[in-house]
Amino acid sequence: MILRAVGTMARKEMRDSLRTRWFILYTIAFMVLAGSLSYLTTSFSGFVGLEGFGRVAAGLVNLILLVVPLMGLTAGALAIAGERERRTLGYLLAQPVSRSEVFFGKFAGLAAALVAGLLVSFGLVGTLLGARGMSLAGDSFVSFVLLTLLLALATLAVGYLVSALALRIAGALGVTIFLWLSMVFLGDLGLMGTALMTKLNIRTAFAVSLLNPLQVYKVAAVAILQPSLDVLGPVGLYAVDTLGSALFPVLSGLLVVWVVVPLLAAYVVFARGEAP
């Protein structure tokens with residue numbers, strides 16, 4: 001695999017992504033919602049400094065859990081399935097590039113576009129908070145942003161796997177929407193219902209929650225913003241008691257796993273795909 005070819009493919013994919021309507025709409029929607037939420041929270045909460053930042057970030061967590069996974073899943077779903085449906089994938093693979101260069105180049109370009117859109121949105125949030133006299137809590141803000149980028153890349157990888165398996169855009173989007181709804185609405189509510197019906201113990205409930213990247217992100221984000229995970233109930237307390245100071249590194253590592261494993265699985269599927 002030649003890195004120059006990967007870079008060329010990534011730049012092309014990034015330019016194409018930045019021009020697509022779905023990406024522009026999602027980015028603008030997230031930017032407007034995040035900026036509005038930050039402004040309203042700082043205007044009416046009466047909190048300033050680090051405490052004010054904590055309240056803003058806590059509100060952003062719920063917004064991020066809804067919008068960012070949808071952005072990542074949609075971007076990934078359209079990548080390979082779109083090329084396949086437009087019948088341009090065979091043409092692309094017929095060029096003097098390998099499958100691995102096409103595969104990782106497209107993913108790198110999508111990831112760059114997604115990260116750029118989120119960084120612009122967080123830049124707006126940081127500017128609004130600074131203008132309102134809020135302290136950005138330095139390391140906490142940076143950790144919060146990096147954690148959100150990991151969530152975006154994890155859902156992008158999952159969408160990429162779906163795209164590698166799908167033959168049509170409609171099928172890929174249908175599966176990713178189902179996955180998004182499952183991750184969002186079968187998170188806290190699904191876990192609570194399952195725990196009540198099956199009488200899961202706390203250890204098992206915590207282990208099950210780690211199977212959902214959104215839940216992993218939520219626990220890790222709360223760990224950044226709150227000195228205690230009391231707000232997450234018994235599962236949060238169990239997580240703190242079990243992992244202690246290693247909680248955030250462990251959860252961040254799990255999000256990295258959620259990026260790597262689906263991406264490698266997608267590559268295995270793509271490498272065995274149709275001939276050029």
> For region 1-19, which residues satisfy the criterion of being under 18 Å from residue 160 (Cα atoms) and surrounded by 15 or more Cβ atoms within 10 Å (Cβ to Cβ)?
Replying inline: 6, 9, 10, 13, 14, 16, 17, 18
> Is it fair to say residue 167 is open to solvent by 40 Å² or more (accessible area, probe 1.4 Å), part of a loop (DSSP other than H, G, I, E, B) and more than 30 Å from residue 247 (Cα to Cα)?
Replying inline: yes
>> Looking at 236, 273, can you tell me which residue is closer than 17 Å to residue 211 by Cα and either modelled with pLDDT under 85 or in a helix (DSSP H, G or I) (or both)?
In response: 236
> Does any residue of region 187-201 turn out to be assigned to a loop (DSSP other than H, G, I, E, B), modelled with pLDDT under 85 and closer than 19 Å to residue 64 by Cα?
Replying inline: yes
> For region 145-164, what are the residues that are farther than 16 Å from residue 30 by Cβ and among the hydroxyl-bearing types (Ser, Thr, Tyr)?
Replying inline: 160, 163
> Between a first residue in region 249-269 that is under 24 Å from residue 221 (Cα atoms) and a second residue that is of a type in the set (Lys, Arg) and open to solvent by 50 Å² or more (accessible area, probe 1.4 Å), which pairs have beta carbons less than 9 Å apart while being 6 or more apart in sequence or on different chains?
Replying inline: none
> Taking region 86-132, which residues are among the β-branched types (Val, Ile, Thr) and either over 25 Å from residue 26 (Cβ atoms) or assigned to a loop (DSSP other than H, G, I, E, B) (or both)?
Replying inline: 88, 97
>> For a quick check of your reading of the model, give me the residue pairs whose first member lies in region 156-169 and is of a type in the set (Lys, Arg), whose second is open to solvent by less than 20 Å² (accessible area, probe 1.4 Å), with beta-carbon atoms closer than 7 Å and at least 6 apart or on different chains.
In response: 168/81
> In this structure, does residue 119 turn out to be open to solvent by 40 Å² or more (accessible area, probe 1.4 Å) and at pLDDT 80 or above?
Replying inline: yes
> Any idea which of (1) closer than 28 Å to residue 271 by Cα; (2) modelled with pLDDT under 90 is the one residue 153 doesn't satisfy?
Replying inline: (2)
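Every residue, every condition in (1) modelled with pLDDT under 85; (2) crowded, with 23+ Cβ neighbours inside 10 Å, yes or no:
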| residue | (1), (2) |
| --- | --- |
| 69 | no, yes |
| 75 | no, yes |
| 79 | no, yes |
| 86 | yes, no |
| 89 | yes, no |
| 96 | yes, no |
| 104 | no, no |
| 107 | no, yes |
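The values are calculated or read from the model by the stated rules, or taken from the named source; none is laboratory data. Note that this is a predicted model, so its numbers are computed, not measured. Note: ideal-geometry Cβ built from the backbone for every residue, glycine included; neighbour counts use all protein chains shown. These area figures cover heavy atoms from the full protein model, side chains too; ligands, DNA and RNA do not enter into them. Shrake-Rupley method; radii C 1.70, N 1.55, O 1.52, S 1.80 Å.
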